[in-house]
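First up is the structure itself, then whatever we jot down about it.
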Amino acid sequence: MAKIIAGVGTSHVPAIGAAVDHDKTETPYWKPLFDGYKKAREWMTETKPDVVILVYNDHASAFSLDLIPTFAIGVAPEFQPADEGYGPRKVPVVEGHPELAWHITENLILDEFDITIANNMPVDHGLSVPLSIMCDKPAKWPCKVIPLCVNVIQYPQPTGNRCYSLGKAIKKAVESFDEDITIAIFGTGGMSHQLQGERAGLINEDFDKKFLDDLTQDPVGLTKISHTEYIRESGSEGIEMVMWLVMRGALDDNAHEVYRHYHVPASNSGAGLIILEND
Amino acid sequence: MTKDYDDIPGTYIFDGAHSRKGYYLNMFCMSLNKAENRDLFRVDPMGYLDRFPLTPTQRQAVIDRDWLAMLRLGGNIYYTFKIAIFDGLSMQNVGGKMSGITEEEFKQMMINGGRPIEGNRYTQEKN
């Protein structure tokens, strides 16, 4: 049977992708961040998940204000890099896993998670930067990817608790898939950052570090953080961290931390990375 | 209606009211995802803007690249930043403009650990 073996939480700051694309990862600005990614990349190479379920958000790329699904799952055989205004990132096309994606979709909906089904969904930096962080710059991504897109731009975003419950439903769905494959789930975005307004540039390192701690020490406590608390404490865009709770919900309750890295700044963000494994 | 996030300083929550106000402004920004539209906007900015039913103040804010005004008029930063991408501006440049400092000062603030949370939680706090 299919099994979720691990979860990764990581920021998906576009400038991190640009640093990879333009070979700037050894510059004084970027080196401290990328030095911390080395161990994560080694872990990815050693662990070799067959499929990554990648929880991310679209940034006005595939979805606009015309249609705002709270949760959408990509069931297509492949997903093209989106043009976000710079021309598409020159990264490999993302190969999907339609059989597993449809299995998850059918089980989620029957389990009363009414997820939107996407056959055509260009993927932006929210999805491709975590792959660059974990896999560097390969000619082809080393795993299949099921994109799971969460609305975090239009208020109100789904609650942390809803995201955590979605994770639990994904775990149940995956475990009933009749194929011996291993799956990692990535929760991406954050950590503290605010891109907009007079308060732009806000960072709350204490909040971020406690969030990382509580992913293993008190995940249920994290599900109780309100929208206003995220926005006030971690910046208007810090609320992206609810996506990490989908990842956390999909792991065993006693999942343990195997690695973390935290660095300020990556562009305007506190950049965090954590790897959790099931026992 | 008052909201419990109204007292967060310097922050424009993209809620329903905001989204309704900014629909066409944001959809204009969204159109810049397409290379052919970027070319049209480059060649004839005013003519291209005419295609979108922006309010006169929204239109002026776009022309002036007044990032704060765009937010106040219903813009969302992920959308309005597409104009900055079009202009070749960084997030630190726009962040500086919105908070009244230069791009270099903004970059340095981030290197120093970012804008501190202390004093920035509530509008009634004094720095």
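The values are calculated or read from the model by the stated rules, or taken from the named source; none is laboratory data. Nothing here was measured: the structure is a model prediction, and the numbers come from that model. Positions of Cβ are backbone-derived with ideal geometry, glycine not excepted, and every protein chain shown enters the neighbour counts.
Candidates in the range B:23-35 are the residues that are more than 8 Å from chain A (Cβ to nearest Cβ) and not aliphatic (A, V, I, L, M); of these, the one that is nearest to B:Thr80 (Cα to Cα) is B:Phe28. Note on the range A:219-232: among residues that are in contact (Cβ under 8 Å) with a residue 12 or more places away in the chain and crowded, with 21+ Cβ neighbours inside 10 Å, the one that is farthest from the other protein chains (Cβ to nearest Cβ) is A:Leu222. Before we move on, is B:Met1 under 16 Å from A:Pro156 (Cα atoms) and more than 9 Å from chain A (Cβ to nearest Cβ)? When the stated conditions are applied, B:Met1 passes them.
Of A:Val242, A:Val246, all but one fail to be under 29 Å from B:Tyr12 (Cα atoms), touching a residue at least 12 places away in the same chain (Cβ under 8 Å), away from chain B (no Cβ under 14 Å) and touching a Leu at 6+ places or on another chain (Cβ under 6 Å); the exception is A:Val246. Kindly list the number of the only condition in (1) touching a residue at least 24 places away in the same chain (Cβ under 8 Å); (2) part of a helix (DSSP H, G or I); (3) under 22 Å from B:Tyr78 (Cβ atoms) that fails for A:Thr216. The one condition A:Thr216 does not meet is (3).
Does B:Arg38 satisfy the condition of being within 8 Å of chain A (Cβ to nearest Cβ) and either in contact (Cβ under 8 Å) with a residue 40 or more places away in the chain or not in a helix (DSSP H, G or I) (or both)? Considered against the rule, which asks whether it is within 8 Å of chain A (Cβ to nearest Cβ) and either in contact (Cβ under 8 Å) with a residue 40 or more places away in the chain or not in a helix (DSSP H, G or I) (or both), B:Arg38 comes out as yes.
Per-residue answers, yes or no, for (1) farther than 27 Å from A:Gly87 by Cα; (2) hydrophobic (A, V, I, L, M, F, W, C):
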residue: B:Arg42; (1), (2): no, no
residue: B:Arg51; (1), (2): no, no
residue: B:Gly75; (1), (2): no, no
residue: B:Phe86; (1), (2): no, yes
residue: B:Glu104; (1), (2): no, no
residue: B:Thr123; (1), (2): yes, no
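Report whether or not B:Thr11 is farther than 15 Å from A:Leu65 by Cα, within 11 Å of chain A (Cβ to nearest Cβ), under 14 Å from the mean Cα position of the chain (by Cα) and surrounded by 15 or more Cβ atoms within 10 Å (Cβ to Cβ). Criteria met by B:Thr11. Determine which single condition A:Arg199 fails, assuming it passes every other condition in (1) within 13 Å of another protein chain (Cβ to nearest Cβ); (2) part of a loop (DSSP other than H, G, I, E, B); (3) surrounded by fewer than 16 Cβ atoms within 10 Å (Cβ to Cβ). Tallying (1) within 13 Å of another protein chain (Cβ to nearest Cβ); (2) part of a loop (DSSP other than H, G, I, E, B); (3) surrounded by fewer than 16 Cβ atoms within 10 Å (Cβ to Cβ), A:Arg199 fails exactly one: (3).
When residues in the range B:73-92 are screened for being outside any loop (DSSP other than H, G, I, E, B) and surrounded by 12 or more Cβ atoms within 10 Å (Cβ to Cβ), 12 of them pass. Annotation: A:Gly85 fulfils all but one of (1) touching a Leu at 6+ places or on another chain (Cβ under 7 Å); (2) part of a loop (DSSP other than H, G, I, E, B); (3) touching a residue at least 24 places away in the same chain (Cβ under 8 Å); the unmet one is (3). In the set (1) in a helix (DSSP H, G or I); (2) of a type outside the set (S, T, N, Q); (3) more than 10 Å from every other protein chain (Cβ to nearest Cβ), the condition left unmet by A:Phe207 is number (3). On the stretch given as the range B:94-112, residues that are among the hydroxyl-bearing types (Ser, Thr, Tyr) and within 12 Å of A:Asn268 (Cβ to Cβ) total 1.
Looking for whichever is aliphatic (A, V, I, L, M) and more than 19 Å from A:Glu84 (Cα to Cα) here; the options are A:Val129, A:Val174, A:Val152. Which one fits? Only one candidate passes the filter, namely A:Val174.
Just so you know, in the range B:93-107 the residues that are free of Cβ contacts under 8 Å to residues at least 24 places away in the same chain and among the charged types (D, E, K, R) include one that is surrounded by the fewest Cβ atoms within 10 Å (Cβ to Cβ), and it is B:Glu104. Assess whether A:Glu277 counts as being buried (at least 22 other Cβ atoms within 10 Å of the Cβ) and among the acidic types (Asp, Glu). No.
Annotation note: of B:Met46, B:Met110, B:Met70, B:Met30, the sole residue that is in a helix (DSSP H, G or I), in contact with a strand residue (DSSP E or B) (Cβ under 6 Å, 6 or more places away or on another chain) and either β-branched (Val, Ile, Thr) or free of Cβ contacts under 8 Å to residues at least 60 places away in the same chain (or both) is B:Met110.
Annotation for the range A:80-101: no member residue is aromatic (Phe, Trp, Tyr), modelled with pLDDT of 95 or more and at negative phi. For the range B:93-103, filtering for residues that are part of a helix (DSSP H, G or I) and either of a type in the set (Gly, Ala, Ser) or within 7 Å of chain A (Cβ to nearest Cβ) (or both) leaves 4. The listed residues are A:Val123, A:Val145, A:Val93, and the only one of them that is within 20 Å of A:Gly17 (Cβ to Cβ), surrounded by fewer than 16 Cβ atoms within 10 Å (Cβ to Cβ) and not hydroxyl-bearing (Ser, Thr, Tyr) turns out to be A:Val93.
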